[in-house]
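The values are calculated or read from the model by the stated rules, or taken from the named source; none is laboratory data. If you're wondering where the values come from, they're calculated on a predicted model, not measured in any experiment. As a convention, Cβ positions derive from the backbone with ideal geometry for all residues, glycine included, and neighbour counts pool all protein chains shown. In case anyone asks, the SASA skips ligands and DNA or RNA and just uses the protein heavy atoms, side chains included. Shrake-Rupley method; radii C 1.70, N 1.55, O 1.52, S 1.80 Å.
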Amino acid sequence: MIPRSPAERVGETLERLRTLWARERQAHRTRFAEERTRRTFAERVARGTALDGLEVEDTEAAPGDRTRLVVSYPKGVDPDDLALRPGAPVLLWWDEPKPESSVRAVIARRPGAQLTLVVDADVPDRLFEGSFRLDLEAPEATFDVGDRALRRWKDVDPKSELCELRDVLLAGEPARVSRARVHPIAQWFDEGLNAPQREAVELAFGGRVVSLVHGPPGTGKTRTLTEIVRQAVARGERVLVCAASHTAVDNLAERLVAASVPLVRVGHPARVAEALESVTLDAQVDASEEHALARQWSREAAQLRRKAARRSALDRDERRAMQNEAWRLLKDARGHLRGAEKRVFERARVVCATLAGAAEHRLDSERFDRVVLDEATQALDPLALAALRRAPVAVLAGDPRQLPPTVIDPNVAREGLGTTFFERLLDADSTDGAVESPGSADDSGRDELGRMLLVQHRMHEAIMRFPSERFYEGRLVAAPEVAAHRLEDLGVRPDPTRDAPWLFVDAAGRGWEEERSDDDPSTRNPGQAERVAAEVRRLVRRGLAPKDVAVITPYEAQARVLRGLLVELRREGLEVGTVDGFQGREKEAVVVDLVRSNDRGEVGFLADVRRMNVAITRARRFLLVVGDGATLASHAFYAAFLEHAEHDGAHLSAWVDDPDDD
């Protein structure tokens, strides 16, 4: 058999990804269609996933040829009760919530009693003629980004500088060293980097088109990437920094801003951290002279459109003239904004965006020398390709032992979309070919393409020990400054019954059974939630600030129950959320609610133990896990976790005491 050429293998890989991507898109469409079929519009409004009776209050042109719509919430609606989150795709509709007869929009940040929606391009006059409805929508735009990326990689010119990276990613070719790309580090910006972190930085400039930074929890992956970006900028490179989530992009962008690196954050302002608003593309454009004039023209256009829509006394020619003038004003406004955008990009040495944001057409005229992709182990291949096509050299960072990419069709996940470029490169480059053993088999955590960071700067050594042993072959080392730190160091009063860095509260036998409702597939456990809430209140009574505590659970239904039980503390800064929302985050104290309790020993998607790895590695000084040991013990991983708790003297029966008693 004649060996297939790299080009042939690339074609086969892209075709396989195209098929899997189309199937995953259909799975999302089906899920959203079933949601609308299963519940009436009134029921969706009651659940906070839809709104009725919306009217446009104001509008203006926005960067990227978008339009901002400001609407007021209907009477009686409490924004805090809505499941509509900033950045969520929605449909604005009148007769039926169907894409072909609706307007697609994205929810922006929700200030006060007004809701801001961002619409790509222009909006139909009908939106100004009365009220309309709003519904959550399947993420079609995200799938469009992936489709475009797959087509563009297929059409890469054989002489393009992207060819070598393409062959490594899509054809399995080895990444070879090019002397022209080797740049030794002459001076460190961050003198405090430890040895594994420095090795990762050096590898990024070691001459290969791709390098990997394997960062277990708390090992300073973001700090390492910050140094890589600063070194690249110092060499005159232009860098695209991106990640699968807005949180990860913002974490890295905040570090770069603190280091005075000139950057622009691209993306819907609704999804960007408030601390970074001033460096967003929108904010920098808004601060320009062009924006003031564009805003004036936008408002004049909105007034003309509103008059044309509502004044029946106008004849057809008068109405058409007003509409044409409105469109002319908007066109001029957008032209001014595009000029302002160009000048913002010219000043920026670094552009920060999500994977979808990196695919925006506004970046098509920008050239980058390097892509730094954080959370690469959560980046679905088609979306990763959207960012990676922007530069010939890439740095991928992540951890295959934490959360995987989100794929809702299990067959599609098994057939390949559930693994990532990072994992495959690490697997191919490891001496034993196993992702279970990141890097080479030696104690340094080294391999050809990547470096594993080994010194963690977050957790008390006792909190670190179990995840280190189970996921990282016991290699992690707690930095001296965190190895023994406790809540008491912050002035928190001691608690004799919880005098350990971590505890497992065993709810076995308490009768706190899990449950599901007919209209919600997510699992909840109200009885166990009551215990978790009591444990949180006990922590706060000891003097720990609510803002330093997080409550984490794998199930959204349980998160809703817990939010309701802890309303007052949430107002003081307590965070309650799912595991998936806390990757990359940390708190001084974390309470984890594992929810599952049944006589069948079923643990559901807790069987993907990467989710547990994330949950138990968010805490700095104190970790408390609440779960039903009898149910959990049916799974080998959780049986080992329970045994570890016994060995550490960290097992506390929920029968022993009442957390409401001091």
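Of note:
- Boolean, Leu652 is of a type in the set (A, V, I, L, M, F, W, C) and open to solvent by 10 Å² or more (accessible area, probe 1.4 Å): yes
- Residues within region 251-270 that are surrounded by fewer than 23 Cβ atoms within 10 Å (Cβ to Cβ) and part of a helix (DSSP H, G or I), tallied: 6
- Criterion: open to solvent by 10 Å² or more (accessible area, probe 1.4 Å) and either more than 14 Å from Ala348 (Cβ to Cβ) or without any contact (Cβ under 8 Å) to a residue 24 or more places away in the chain (or both) - qualifying residue of His246, His214: His246
- Some residue of region 447-465 being of a type in the set (Gly, Ala, Ser), modelled with pLDDT of 90 or more and under 23 Å from Met612 (Cα atoms): yes
- Of all residue pairs spaced 6 or more apart or on separate chains, those with beta-carbon atoms under 6 Å, a first member in region 120-149 that is in contact (Cβ under 8 Å) with a residue 24 or more places away in the chain and among the β-branched types (Val, Ile, Thr) and a second member that is open to solvent by 30 Å² or more (accessible area, probe 1.4 Å) and assigned to a helix (DSSP H, G or I) are Thr142/Ala356; Val145/Ala356.
- Check on Ala234, buried (at least 24 other Cβ atoms within 10 Å of the Cβ) and either at pLDDT 85 or above or touching a helix residue (DSSP H, G or I) at 6+ places or on another chain (Cβ under 8 Å) (or both): no
- Yes/no for Asp167 being outside any helix (DSSP H, G or I) and not aliphatic (A, V, I, L, M): no
This table checks each residue for (1) among the aliphatic types (A, V, I, L, M); (2) touching a strand residue (DSSP E or B) at 6+ places or on another chain (Cβ under 6 Å); (3) modelled with pLDDT of 95 or more; (4) under 26 Å from Val407 (Cα atoms).
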residue: Asp125; (1), (2), (3), (4): no, no, no, no
residue: Glu129; (1), (2), (3), (4): no, no, no, no
residue: Phe132; (1), (2), (3), (4): no, yes, no, no
residue: Glu137; (1), (2), (3), (4): no, yes, no, yes
residue: Glu140; (1), (2), (3), (4): no, no, no, yes
residue: Gly146; (1), (2), (3), (4): no, no, yes, yes
residue: Asp157; (1), (2), (3), (4): no, no, no, no
residue: Leu165; (1), (2), (3), (4): yes, no, yes, yes
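Here's the yes/no breakdown for (1) within 15 Å of Ala462 (Cβ to Cβ); (2) under 32 Å from the mean Cα position of the chain (by Cα); (3) at pLDDT 95 or above:
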position: Ile616; (1), (2), (3): yes, yes, yes
position: Leu623; (1), (2), (3): yes, yes, yes
position: Ala639; (1), (2), (3): no, yes, yes
position: Asp657; (1), (2), (3): no, no, no
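- All conditions in (1) of a type outside the set (A, V, I, L, M, F, W, C); (2) outside any loop (DSSP other than H, G, I, E, B); (3) closer than 14 Å to Val372 by Cβ hold for Pro196, with the sole exception of (3).
- Counting residues in region 271-281 that are surrounded by fewer than 18 Cβ atoms within 10 Å (Cβ to Cβ) and among the β-branched types (Val, Ile, Thr) gives zero.
- Just one residue in the set Arg401, Arg390, Arg370 is in contact (Cβ under 8 Å) with a residue 60 or more places away in the chain and either polar (S, T, N, Q) or within 13 Å of Glu423 (Cα to Cα) (or both); that residue is Arg401.
- Among the residues of region 626-662, those identified as free of Cβ contacts under 8 Å to residues at least 40 places away in the same chain and part of a helix (DSSP H, G or I) are Leu632, Ala636, Tyr638, Ala639, Glu643, Glu646, His647.
- Filter result for Arg66 (at pLDDT below 85, of a type in the set (Lys, Arg) and over 30 Å from Glu415 (Cα atoms)): yes
- Single unsatisfied condition, Gly398 versus (1) in contact with a His (Cβ under 8 Å, 6 or more places away or on another chain); (2) surrounded by fewer than 23 Cβ atoms within 10 Å (Cβ to Cβ): (2)
- Scanning region 137-164 for residues that are open to solvent by 50 Å² or more (accessible area, probe 1.4 Å) and assigned to a loop (DSSP other than H, G, I, E, B) yields Asp155, Asp157, Pro158, Lys159, Glu161.
- Among the residues making up region 220-250, those that are assigned to a helix (DSSP H, G or I) and in contact with a strand residue (DSSP E or B) (Cβ under 8 Å, 6 or more places away or on another chain) are Lys221, Thr222, Thr224, Leu225, Ile228, Val229, Ala232, Val233, His246, Ala248, Val249, Asp250.
- Pairs with Cβ under 6 Å, 6+ apart, first in region 62-86 and farther than 18 Å from Thr280 by Cβ and open to solvent by 40 Å² or more (accessible area, probe 1.4 Å), second at pLDDT 75 or above and assigned to a loop (DSSP other than H, G, I, E, B): Asp81/Gly48; Ala83/Gly48; Ala83/Thr49
- Residue within region 6-17 that is in contact with a helix residue (DSSP H, G or I) (Cβ under 7 Å, 6 or more places away or on another chain), farther than 25 Å from Leu117 by Cβ and either among the charged types (D, E, K, R) or open to solvent by 50 Å² or more (accessible area, probe 1.4 Å) (or both) present: yes
- Out of Glu24, Glu34, sole residue that is part of a helix (DSSP H, G or I), open to solvent by 50 Å² or more (accessible area, probe 1.4 Å) and of a type in the set (D, E, K, R): Glu34
- The residues listed here are Glu530, Glu556, Glu588; of these, the one that is at pLDDT 95 or above and either small (Gly, Ala, Ser) or within 28 Å of the chain's Cα centre (by Cα) (or both) is Glu588.
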